[in-house]
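Right, one structure below, let's go through it.
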Amino acid sequence: MEKFWSLIEKNKLYRKICENKFFGKLFNRETISYVFFGVLTTVVSIGSYAAFLWLFKKNGWFAGNSPGVAEMMVRHKWLKFMPNLSESLGIFVANILSWVCAVAFAYVTNKLFVFDSKSWKAGVVSKELSAFVGSRVFSLVAETLTIIIIVSVLNGHEILAKVAGQVLVLLLNYILSKIFVFKKTDEPSPCL
């Protein structure tokens, strides 16, 4: 990664951008790395989400005739007001599982390549990981609500709903990671 950044930092256009007060803060090593690894995390999230949806449909899990769903409908009368309940449950479970895959990938890449937190001491990792997972739970709730609303209420496509949710997640996660998880005591110059 350092070889990659040394090449970028030698680029005249990049140096020019760094000199600008606004663009220097917007296009720096941290934000560019975050967006790059955020895109990879999004690929992991959407790919695993699609794989779990395929697996559920292939095996009939969370199907409309599922005994578990039918039993829930009998026990909880208010569920009749939720359109496509069994489909929504499958989407919810697929989203949770894809979230676990994405969070594991994102923690390692953010720690090592974005926020440059190299310590693997148990105390440091447990503090970072708990803050990281906590902030990701918050963004998971926001994403899940976005997906459920787009699919169940607006009759949108599952994958497009996931993409919309991921845009929201990318923004929320950067802000939360920057402020709460990988806090730096001294701020380096924007382009280093």
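Coordinate-derived values only; no laboratory data. Here the structure is a predicted model, which means the values were calculated and not measured. Methodologically, a virtual Cβ is constructed for each residue, glycine included, from the backbone with ideal geometry; neighbour enumeration extends over all protein chains shown.
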Legend entry - Net charge, residue 168 excluded, C-beta distance under 12 Å - Lys, Arg +1, Asp, Glu -1: 0
Inset, instruction - Calculate, in nm to one decimal, what residue 157 and residue 11 gain on full extension: separation in residues at 0.36 nm each, minus their alpha carbon distance. - result: 48.4 nm
Legend entry - Calculated FRET value between residue 32 and residue 61, using beta carbons and R₀ = 41 Å, to 0.05: 0.55
Inset, instruction - Only loop residues by DSSP count here, and only those with at most 12 other Cβ atoms within 10 Å; note down the chymotrypsin sites (Phe, Trp or Tyr not before Pro) in the range 91-165 that meet that. - result: 120
Legend entry - For the range 2-181, the spread of Cα positions along each principal axis, largest first, Å: 64, 37, 27
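Using a/c under 1.5 as the rounded threshold, could you call the range 21-61 rounded, prolate or oblate? The axes a ≥ b ≥ c are square roots of the C-alpha gyration tensor eigenvalues, and prolate needs a/b larger than b/c, oblate otherwise.
Numbers: a/c = 8.97, a/b = 5.65, b/c = 1.59.
Taking the square roots of the gyration eigenvalues as a ≥ b ≥ c, the range 21-61 is prolate.
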Inset, instruction - Within the set of other residues whose C-beta is less than 14 Å from the C-beta of residue 7, count the net charge using Lys and Arg as +1 and Asp and Glu as -1. - result: +3
Inset, instruction - Using Cα centres only, tell me the gap between the range 120-159 and the range 1-57 in whole Å. - result: 19
